[in-house]
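Presented below is the structure to which this report refers.
The values are calculated or read from the model by the stated rules, or taken from the named source; none is laboratory data. No experiment lies behind these values; they were computed from the predicted model shown. Here the Cβ positions follow ideal geometry from the backbone for every residue, glycine too, while neighbour counts run over all protein chains shown. Keep in mind that these areas ignore ligands, DNA and RNA; they rest on the heavy atoms of the full protein, side chains included. Shrake-Rupley method; radii C 1.70, N 1.55, O 1.52, S 1.80 Å.
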Amino acid sequence: MKKAIITAAITGAIHTPSMSPYLPVTPEQIADEAIKVHEEGGAVAHIHVRDPNTGYPTADQDAYREIAVEVKKRCDIILCFTTGGRLGEPVGKRVKVVSSLKPEMASLNAGSLNFGLFHVVDKIKKWKYHWEKEYLEGTEDVIFPNTFKTMREYLEIIYANNTKPEFEIYDAGMINNVAFLIEEGYVRKPVYLQFVMGILGGIPATPQNLIFLVESARTTIGEFEFSVCAAGKAQLSLCTQSLILGGHARVGLEDNLHIDKGILAKSNAEQVAKIIKIAKELGFEPATPNEARKILNLKGLGNVNF
Ligand code: KMH
Ligand code: ZN
């Protein structure tokens, strides 16, 4: 039976502390959440870091290392580090985590896009930190840069460290970007695509669009593993659809702060438990981290630098 790789994106760089008291901020909280995700049956934790005092998204290498060491001490979950970092993070800084930690996996954003979060500002009544409103409002004039040059440079670093890139696909054109990079010899097949849906600036999170993305990738790339990460309320339904289509699922507070309509999730583990319950009802077993390593052809925990 097909095993379902369940990923949890622990904290991200999109949501801010005023949106939920449950958003992990410190390295200890992020590590702890990744371990609890493992206990619930998650196979991968997608890791961003933040300033421990203000929750401001950073690319702090010490924080990445602290999390990696702590999690590896307590379980064998796969850690997928972001090379996306904070919106506005210098491109050179974002990828440093790969050469320093030599992780099994890292994200590779497969194109540039507008990344709008400004429209949520009015929904927040009380701000915990001074930076939040400005950060969110500033996204009205932000492009999340991933040019062909930086993608090529990131891929060189990723492959030099035997790290597996998880291609973040926010829209149909990015599938073609990956196909081009394959043809140019910068990308090794089989690829692992993460369809990131529902970001303002990317493809809307609808069932029709997911089928379109999968079909388009089948035509353009051929064989691949895929997962779906949908922002907000579409998370559960599109993750469920992904499983039915033969894909994997990404949940987590990076993408969605709720566990149900109007109810904040108290942890990433809550969302993992919910998607695993649905997966099992549909006859899918969650992949263990080692089963996921086989499916994704990862180098193993013994070959990282932490
Ligand atoms: N944080 C967003 C800017 C990734 O982790 O590489 C992009 C993101 C994707 O989260
Ligand atoms: Zn991310």
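Please specify each residue of region 51-101 satisfying the condition of being more than 15 Å from ligand 2 (Cβ to nearest atom), of a type in the set (Lys, Arg) and within 25 Å of PRO21 (Cβ to Cβ).
Selection gives ARG74 alone.
Since GLY252 meets every condition but one in (1) within 16 Å of ligand 1 (Cβ to nearest atom); (2) in contact with a Phe, Trp or Tyr (Cβ under 9 Å, 6 or more places away or on another chain), which condition does it not meet?
That leaves (2) as the condition not met.
Could you list, in sequence order, the residues of region 127-145 that are at pLDDT 95 or above, open to solvent by less than 80 Å² (accessible area, probe 1.4 Å) and either within 16 Å of ligand 2 (Cβ to nearest atom) or assigned to a loop (DSSP other than H, G, I, E, B) (or both)?
Correct list: TRP127, TYR129, TYR135, THR139, PHE144, PRO145.
Can you tell me which of GLY88, GLY111 is in contact (Cβ under 8 Å) with a residue 24 or more places away in the chain, at positive phi and within 11 Å of ligand 1 (Cβ to nearest atom)?
None of the others qualify; the one that does is GLY88.
Do we have ARG74 as within 13 Å of ligand 1 (Cβ to nearest atom), among the basic types (Lys, Arg) and at negative phi here?
Taking the combined requirement at face value, the residue does not satisfy it.
Quick one: which residue in GLY138, GLY201 is more than 21 Å from GLY222 (Cβ to Cβ), within 13 Å of ligand 1 (Cβ to nearest atom), touching a residue at least 24 places away in the same chain (Cβ under 8 Å) and over 20 Å from the mean Cα position of the chain (by Cα)?
The unique qualifying residue is GLY138.
Looking only at region 151-173, which residues are open to solvent by 10 Å² or more (accessible area, probe 1.4 Å), within 23 Å of LEU298 (Cα to Cα) and not charged (D, E, K, R)?
TYR154, ILE157, TYR159, ALA160, ASN161, ASN162
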